[in-house]
1. What number comes out for the charge environment of A:Glu275, summing +1 per Lys or Arg and -1 per Asp or Glu over other residues with Cβ under 12 Å away?
2. Just checking the output field for B:50-61: average partner chain Cβ neighbours within 10 Å of each residue's Cβ?
3. Where both residues lie in chain A, what percent of DSSP beta bridges are antiparallel, nearest 5?
4. Normalised by the number of residues in the range B:245-286, what is the relative contact order in percent for Cα pairs under 8 Å and 6+ residues apart?
5. Just going by the charge dipole of the range A:342-461, with Lys and Arg at +1 and Asp and Glu at -1 on Cβ, which of A:Asn429, A:Gln370, A:Phe456 is farthest out on the positive end?
6. Go ahead and run the numbers for FRET between A:Asp413 and A:Arg458, Cβ-Cβ distance against an R0 of 41 Å, rounding to 0.05.
7. From the helices alone, meaning DSSP H stretches of at least four residues, give me the mean residue ellipticity at 222 nm for chain A, per-run term -39500 (n - 2.57), in deg cm²/dmol to the nearest 500.
8. Given a Förster distance of 45 Å, report the FRET efficiency between B:Val288 and A:Tyr66 from their Cβ-Cβ distance, rounded to the nearest 0.05.
Amino acid sequence: MAETSQPPEAGGAAPGGPAAGEEPGPQEPGRAGALGPPGWLALAFLLPALLFLGAYMLYPIGFSVYRSLWDASGTTFVGLENYLRMFTNPPTFVALRNNVVWVVVAPIAVTVAGLIFAVLTERIRWATAFKLVVFMPMAVSFLASGVIFRLVYEQDPERGLANAVITTVQDTVAPAGAYPDARPREGAGLAEGPEGGYRLEAEAAPGEGVALPLVGVAADDLPASAGPASGPPDAGPEAVTGTVWLDFTPGGGGEEGAIDPEERGLPGVQVRLVEADGSTAATARAGGDGSFAFEGVEPGAYSVVLDGRNFAEPYRGVTWLGPTLVTPAIIGAYLWVWAGFAMVLIAAGLAAIPREALEAARVDGATEWQVFRRVTVPLLSPVLMVVFVTLMIYVLKIFDLVFVIAPGSVQADANVLAVEMWRVAFGANDQGLGSALAVFLLVLVVPAMVFQIRRFRRENS
Amino acid sequence: MSDDAAATAPPDARPDPPPEPDGGEGAPRRSAASRAAALLGSGAVQVLLVLIALFWLVPTLGLFVSSLRTPADNAASGWWTALARPAELTLANYAGLLDNPVFVGSFWNTVLITVPSTLLIVVIASLAGYALAWMEFPGRDWLFLGVVALLVVPIQVALVPIAQLYGGAGIYGSIVGVVLFHVGFGLPFAIFLLRNFFAAIPRDLLEAARMDGGKELTIFRRVILPLGGPAIASLTIFQFLWVWNDLLVALVFADAANQPMTKALQAEMRQFGANIDVISSGAFISMVVPLVVFFAFQRYFVQGVMAGAVK
């Protein structure tokens, strides 16, 4: 420190500049030298800031440490007991565990996404628009982002976008059964079969027609192709036929187990003919009148089976905000908010990489992947480190997104330290434990503080 | 954010020969086959980035469309169904919000909290940043390192102590308390940003002004403030958005009469399904000001955010 007192501003030339190692600015601007103002004026310029920093940062740090050694009401000195409770108290422990998950997963995910976006945007012409779109969430509040993702994660696929997309894909890959509510007419000889299906108790032989009456399907749920049911078609000597129909006459009446005039078929039901050894002899699908036929059946005794997938419940999507998935779901929202930040910082670093290094590697025959892996990433590593550490600091203190997105019933499962601190200190009014949690958070950011100071000193030396 | 966000590098240093639409990937020696592969690759990249951009846009669009639907419609079907039936969209939710005194009050509270705290931070940090960059006094560099260290202090540390302090001073729950808290916690970053920018102002300018016998306050006003304009703009926008979007400080220090929009909306979240009309439209209103500021001053905002790396 150059601690020479300076002459008044009107004074003459400076006797020698400051030592080289003490240049303050990154651009090495130097100091004002002897022309500078008196020390008391500097104090006047700094005073408001010093008052605020003292009152809102230094004093609270000291007071929090002190307060954390006292009990909930602040009347009894308890030593380190609050810190002990922090690790033994179940809700606090869940918060701690979730914080570890957050700190491990979120910064890596965001940094990787930012790196990928930054590299890919170099190859498109609308990079500015892309960056604008991805960066936009940084400008809005976590509360708004939280509301946005509460809507996305809504459980009902009719309303929540995430589940709507997933169930649509799932229905395309493995369609849901047409009649999830259907069940056999009691006394019609249908027993429960494998995998949620049904099996006709009596065996069938070629030349026979079987009746498979089902109930429980609402008239509104019948497909348009469902016509009046008709009895099993005439079975030749080499065929087994049958009818699957809704054995229910609207408005009452009708005979149970028999096909009445107003009853309709259940088109699309999959029926399987199974041999005694369990292998499938033939499959068929019911038509609009509910009838089906297995042709070319060898003589013997078979059982008729309605597959379980006819009755499979439609896929209802993922319970995003349930106890198990709530933390990954919120980390997803966090990625959405912060990827733009990582992308912009990394893109700036990328722009500073000398083009010759990349071109030289390409001329030497390196593939794009090799260039990325061997040249780009190593040259970017200082920037990646800054992004990563910054994100880690923010993630440690994550509050709003968890607080807003996790529904009340799963708040305990989604808990993190900052939320727990708020809950304990201002909900449960235990300011002793609350202060201990705050001090713990402060201790956790100290390594980042050291990183920051060292980086700063290095840049300015 | 345009390329000038990356102010350190020339905006586009790569050669961009017209016949190659993928931005000059191909060096002259490349075969036609590898050029074709690069083109194809670029097509895949385009598709991928379009999908990613949609992934970022659609959730926000969802909030906006939801805010234009009646609660009954929102309960019955997804917002995307409204795209096919635009006739069912309505401004009723917004009209209801304007008739809701709690929400309207919270909007003004947000303004009353954000504007003064932003102004105070900018003024106080400019003075301190100037002193730390261009005034000579004992312990100056240590003081600045102290500010750097304070950048990462978590806000949680101050909640309990300041709440007690405010209780004693009788400003717990008031707007003044919230504003002062934001100033206190915004200052380290603000001083850090401005001091670094001021320190980069050419020394000659300062010395010339001092030779002319300018008073420090005059130099500050005539030299530093005009030259520091971009940094001050970055800081103003960054702080404005930071305070506007804050939830935690308001949750602790603002009572019901003085709560900003974020806290008012958060209270509605407990009945998310039932209050979706208020929440979606309210959240969108709370987003409008930040989005306008962002799109109008994106360059400054991005620079402010980048300066805040490792905060």
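1. Numbers: positive: A:Arg272; negative: A:Glu203, A:Asp277, A:Glu298.
Charge balance in the 12 Å sphere: -2.
2. Working: counts 3, 0, 9, 8, 1, 4, 10, 3, 4, 12, 8, 2.
For this peptide, the per-residue mean of nearby foreign Cβ atoms is 5.
3. Working: 25 of 31 bridges.
Counting only bridges with both partners in chain A, antiparallel ones make up about 80 percent.
4. Details: 23 pairs, mean separation 13.3, N = 42.
Relative CO of the range B:245-286 lands at 32 percent.
5. The listed residue farthest towards the positive side: A:Phe456.
6. Working: r = 42 Å, r/R0 = 1.03.
Result of the calculation: an efficiency of 0.45.
7. Details: 14 runs with 197 residues, N = 461.
Roughly -14000 deg cm²/dmol at 222 nm, from the helical runs in chain A.
8. On the way: r = 44 Å, r/R0 = 0.97.
Efficiency, rounded to the nearest 0.05: 0.55.
Values in this text are rule-based calculations from the coordinates and carry no lab data. From a predicted model like this one, the values you see are computed outputs, not experimental measurements. Because the Cβ atoms are built from the backbone with ideal geometry, glycine has one as well, and the counts that use them run over all protein chains shown.
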